[in-house]
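Colleague: Got a structure for you, questions after.
The values are calculated or read from the model by the stated rules, or taken from the named source; none is laboratory data. Values in this document were obtained by computation on a predicted structure and should not be read as measured data. Note that we place each Cβ from the backbone using ideal geometry, even for glycine, and neighbour counts take in every protein chain shown. Only protein heavy atoms, including side chains, enter the accessible area calculation; ligands, DNA and RNA are left aside. Shrake-Rupley method; radii C 1.70, N 1.55, O 1.52, S 1.80 Å.
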Amino acid sequence: MQTLQNLIDGGWADSRGDVVLDLVNPATEEVIARHPAGSPEDVERAVTAAVAAQPAWATVPVAERAARISAWADAVAAHAGQLVERECREMGKPLGIGRTFLDGAVAGLRAVAEEALSYDFEKVVVRPDGGRTRILRHPLGATAVITPWNFPVTAVLGAIGPLLAAGNTVVVKPSERAPLSIVRLLELAELPPGVVNLVLGDARAGVPLAGHEDIQLVHFTGSVASGRRVGAAAGERLHRTVLELGGKDPVVVDAGVDPVATAGAVAFGAFINTGQICTSMERIYVHRDVAGRFVDALVAAAEALPVGNGLDAGVVLGPLVDERQRDTVARHVEDAVAKGAKIRTGGTVPEGKGFFYPPTVLTDVDDSMLVMTEETFGPVAPVVVVDSFEEGLERASRSRYGLAATVYTADPGHIEAAARIPAGVTWVNQWQGGGPERLYEPAGDSGMGATGARAAFDAATRPASVHIPAAS
């Protein structure tokens, strides 16, 4: 059994805390590793190392920082099999799905390195009187990346690239439910000591890290409740946060689409990674003209998905990350049924080992039910029949969340109308589309702070201007 350690100032070190947590394989319920629960002393050592390393890292030329990041991306790609296998063992993601998302994360890290070479870390503006203004983008200093368990490696790489490229140092605190792959990920990073540090644990590490006086920015991905606490702790110091929080993402299915093909796409968006994605399709509004055929096809697609241990060939849906998450999913379904919803398939906790839950389709749902108002984060697809595309848009917009949305339509006018949904990202006739040019900020309770493309570098730097008169 593996015992995990912190990474501080370039070396692996035992925790100063005295509490150890078990890491459980959610498919087998076996303990596969042990790791520290975290402590303020661990955080202090890691932050001290990051602060000490930052000035020297900031003086490294941008091209060299970008080259180091690209080299890390190459190492991750070369060891992708190890990383996705660890993710599968710690949180259940099947190998094939894990590899797809990991490849995307590697491409994103390479794109960040490329973006750094063209970003205006310094720009000179010449005024009409001959004077000059130098606009400089300074790194913030030591920063923190606190990531969730559903995409351990992808979340770290997505957040850390712009911070490092801009000259910041980083303390990483992964979820205590999925630290195994992150330990291996940081083993692959050949960076100067202290540039990237790792503290393991739960809130005993996360709370002191988020509120540390020397952490200038916290990039947090996780629940709304935890994000509020992170934002408040950083705000006490007048430090920045980038918060990507929960979602209750809607889908609007218009009349005129192919109901069978669209149902297959929605099944993927609702059930992949066992529904454990912030942008999973969690509210489905279907035009009455196609609702019957759509629901039948969605049920068939759900029942065709192979469920099992993600290490086994052909498995598409693994378990939920742990028993607590499965209990949440089951509670949401039970609440819906008690209030009149119909289970079209799934909806029952299976017997045997592992925290499995079948892909579930519900109809006759309404906004009194948890599955329509609270983030379920599981393989549940609740379907609402609407009488018009306008009604679908209106109901899709009726949520305190605003992370992402998806619209399926063949009507050009309705494609334009899709932008009215208050969401950071809206996909039309696809899900998870787009490229590195994407720029967004979540709406409502789904978070704050723009990210993507050059906005990530804006967040990672502090602008300053130096004014020089014409005579100088």
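Colleague: Residue under question is residue 255, and the condition is that it be more than 30 Å from residue 366 (Cα to Cα) and of a type in the set (A, V, I, L, M); does it hold?
Modeller: On the way: more than 30 Å from residue 366 (Cα to Cα): no; of a type in the set (A, V, I, L, M): yes.
Against the criterion (more than 30 Å from residue 366 (Cα to Cα) and of a type in the set (A, V, I, L, M)), residue 255 does not qualify.
Colleague: Still on this structure: Return the pairs, sorted by first residue and then second, in which the second residue is in a helix (DSSP H, G or I), the first residue lies in the stretch 268-280 and is at pLDDT 95 or above, the beta carbons are less than 7 Å apart, and the residues are 6+ apart or on different chains.
Modeller: Within 7 Å, the pairs are 271/302; 272/97; 273/97; 280/269; 280/270.
Colleague: Free of Cβ contacts under 8 Å to residues at least 12 places away in the same chain, farther than 21 Å from residue 61 by Cα and either touching a Leu at 6+ places or on another chain (Cβ under 9 Å) or surrounded by fewer than 20 Cβ atoms within 10 Å (Cβ to Cβ) (or both), is that true of residue 187?
Modeller: Taking the combined requirement at face value, the residue satisfies it.
Colleague: How many residues are within 16 Å of the chain's Cα centre (by Cα) and acidic (Asp, Glu) when one looks only at the stretch 220-260?
Modeller: Within the stretch 220-260, residues that are within 16 Å of the chain's Cα centre (by Cα) and acidic (Asp, Glu) number 2.
Colleague: For the stretch 95-150, enumerate the residues that are aliphatic (A, V, I, L, M) and over 27 Å from residue 240 (Cβ atoms). Talk me through it step by step, then tell me what you get.
Modeller: Filtering the stretch 95-150 for residues aliphatic (A, V, I, L, M) gives 95, 97, 102, 105-107, 109, 111-113, 116-117, 124-126, 135-136, 140, 142, 144-146.
Correct list: 95, 97, 102, 126.
Colleague: Given the criterion crowded, with 17+ Cβ neighbours inside 10 Å, touching a residue at least 60 places away in the same chain (Cβ under 8 Å), closer than 25 Å to residue 60 by Cβ and under 16 Å from the mean Cα position of the chain (by Cα), identify the matching residue among 162, 139.
Modeller: Numbers: 139 fails: under 16 Å from the mean Cα position of the chain (by Cα).
Exactly one residue qualifies, and that residue is 162.
Colleague: Would you check which residues across the stretch 353-400 are without any contact (Cβ under 8 Å) to a residue 60 or more places away in the chain, open to solvent by less than 10 Å² (accessible area, probe 1.4 Å) and among the hydrophobic types (A, V, I, L, M, F, W, C) and list them?
Modeller: If the condition is that a residue be without any contact (Cβ under 8 Å) to a residue 60 or more places away in the chain, open to solvent by less than 10 Å² (accessible area, probe 1.4 Å) and among the hydrophobic types (A, V, I, L, M, F, W, C), then 362, 369 are the ones that fit.
Colleague: Run down 350, 319 and say which single residue is open to solvent by 40 Å² or more (accessible area, probe 1.4 Å) and not aromatic (Phe, Trp, Tyr). Steps first, answer last, please.
Modeller: Details: 319 fails: open to solvent by 40 Å² or more (accessible area, probe 1.4 Å).
That would be 350, the only listed residue that is open to solvent by 40 Å² or more (accessible area, probe 1.4 Å) and not aromatic (Phe, Trp, Tyr).
Colleague: Counting only residues that are in contact (Cβ under 8 Å) with a residue 24 or more places away in the chain and under 21 Å from residue 161 (Cα atoms), which one in the stretch 436-449 is surrounded by the fewest Cβ atoms within 10 Å (Cβ to Cβ)? Break it down into steps so the answer makes sense when it comes.
Modeller: Within the stretch 436-449, the first condition is being in contact (Cβ under 8 Å) with a residue 24 or more places away in the chain, and the residues that meet it are 436, 442-449.
Cutting the leftovers down to under 21 Å from residue 161 (Cα atoms) gives us 436, 442, 447-449.
Values: 436: 14, 442: 27, 447: 28, 448: 16, 449: 19.
Applying the filter and picking the extreme gives 436.
Colleague: Return the pairs, sorted by first residue and then second, in which the second residue is open to solvent by 10 Å² or more (accessible area, probe 1.4 Å) and of a type in the set (Ser, Thr, Tyr), the first residue lies in the stretch 298-324 and is in contact (Cβ under 8 Å) with a residue 60 or more places away in the chain, the beta carbons are less than 8 Å apart, and the residues are 6+ apart or on different chains.
Modeller: Matching pairs, first to second residue: 299/345; 302/345; 309/28.
Colleague: Could you list, in sequence order, the residues of the stretch 319-360 that are out of contact with any Lys or Arg (no Cβ under 6 Å at 6 or more places or on another chain), at negative phi and part of a loop (DSSP other than H, G, I, E, B)?
Modeller: Residues of the stretch 319-360 that are out of contact with any Lys or Arg (no Cβ under 6 Å at 6 or more places or on another chain), as a first pass: 319, 322-354, 356, 358-360.
Next, only the ones that are at negative phi stay: 319, 322-339, 341-345, 348-351, 353, 356, 358-360.
Matches in the stretch 319-360: 319, 322, 339, 341, 348, 349, 350, 351, 353, 356, 358, 359.
Colleague: Check the stretch 64-80 and report whether any residue there is without any contact (Cβ under 8 Å) to a residue 24 or more places away in the chain and within 24 Å of the chain's Cα centre (by Cα). Break it down stepwise before answering.
Modeller: Here is the first cut: in the stretch 64-80, the ones without any contact (Cβ under 8 Å) to a residue 24 or more places away in the chain are 64, 74, 78.
With within 24 Å of the chain's Cα centre (by Cα) added as a condition, the list becomes 74, 78.
There is at least one residue in the stretch 64-80 that is without any contact (Cβ under 8 Å) to a residue 24 or more places away in the chain and within 24 Å of the chain's Cα centre (by Cα).
Colleague: Quick test of your reading of the structure: residue 304 fulfils all but one of (1) touching a helix residue (DSSP H, G or I) at 6+ places or on another chain (Cβ under 7 Å); (2) farther than 29 Å from residue 23 by Cα. Name the failing condition by number.
Modeller: Failed condition: (1).
Colleague: Considering only the stretch 110-129, I want to know if a residue exists there that is free of Cβ contacts under 8 Å to residues at least 60 places away in the same chain, in contact with an Asp or Glu (Cβ under 9 Å, 6 or more places away or on another chain) and either buried (at least 24 other Cβ atoms within 10 Å of the Cβ) or within 21 Å of residue 70 (Cα to Cα) (or both).
Modeller: yes
Colleague: Within the bounds of the stretch 331-343, is there any residue that is closer than 29 Å to residue 441 by Cα and open to solvent by less than 60 Å² (accessible area, probe 1.4 Å)?
Modeller: Just the residues of the stretch 331-343 that are closer than 29 Å to residue 441 by Cα, to begin with: 332.
Now narrow it down to the ones that are open to solvent by less than 60 Å² (accessible area, probe 1.4 Å): 332.
Checked the stretch 331-343: at least one residue is closer than 29 Å to residue 441 by Cα and open to solvent by less than 60 Å² (accessible area, probe 1.4 Å).
Colleague: Filter the stretch 245-290 down to residues that are of a type in the set (Asp, Glu) and under 17 Å from residue 379 (Cβ atoms), then give me how many there are. Break it down into steps so the answer makes sense when it comes.
Modeller: Taking the stretch 245-290 and keeping what is of a type in the set (Asp, Glu), we get 249, 254, 258, 282, 289.
Next, only the ones that are under 17 Å from residue 379 (Cβ atoms) stay: 249, 282.
The qualifying residues number 2.
Colleague: Let me ask something additional. Does any residue of the stretch 182-191 turn out to be within 15 Å of the chain's Cα centre (by Cα) and part of a helix (DSSP H, G or I)?
Modeller: Our first condition is that a residue be within 15 Å of the chain's Cα centre (by Cα); within the stretch 182-191, this holds for 182.
Okay, now just the ones that are also part of a helix (DSSP H, G or I), so 182.
Yes: the stretch 182-191 contains one or more residues that are within 15 Å of the chain's Cα centre (by Cα) and part of a helix (DSSP H, G or I).
Colleague: Mind telling me which of the residues 341, 313, 302 ends up being under 16 Å from residue 381 (Cα atoms) and within 27 Å of the chain's Cα centre (by Cα)?
Modeller: Working: 341 fails: within 27 Å of the chain's Cα centre (by Cα); 313 fails: under 16 Å from residue 381 (Cα atoms).
Only one candidate passes the filter, namely 302.
Condition check ((1) touching a strand residue (DSSP E or B) at 6+ places or on another chain (Cβ under 9 Å); (2) of a type in the set (D, E, K, R); (3) surrounded by 17 or more Cβ atoms within 10 Å (Cβ to Cβ)) across all residues:
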| position | (1), (2), (3) |
| --- | --- |
| 24 | yes, no, yes |
| 36 | yes, no, yes |
| 42 | yes, yes, yes |
| 47 | yes, no, yes |
| 61 | no, no, no |
| 96 | no, no, no |
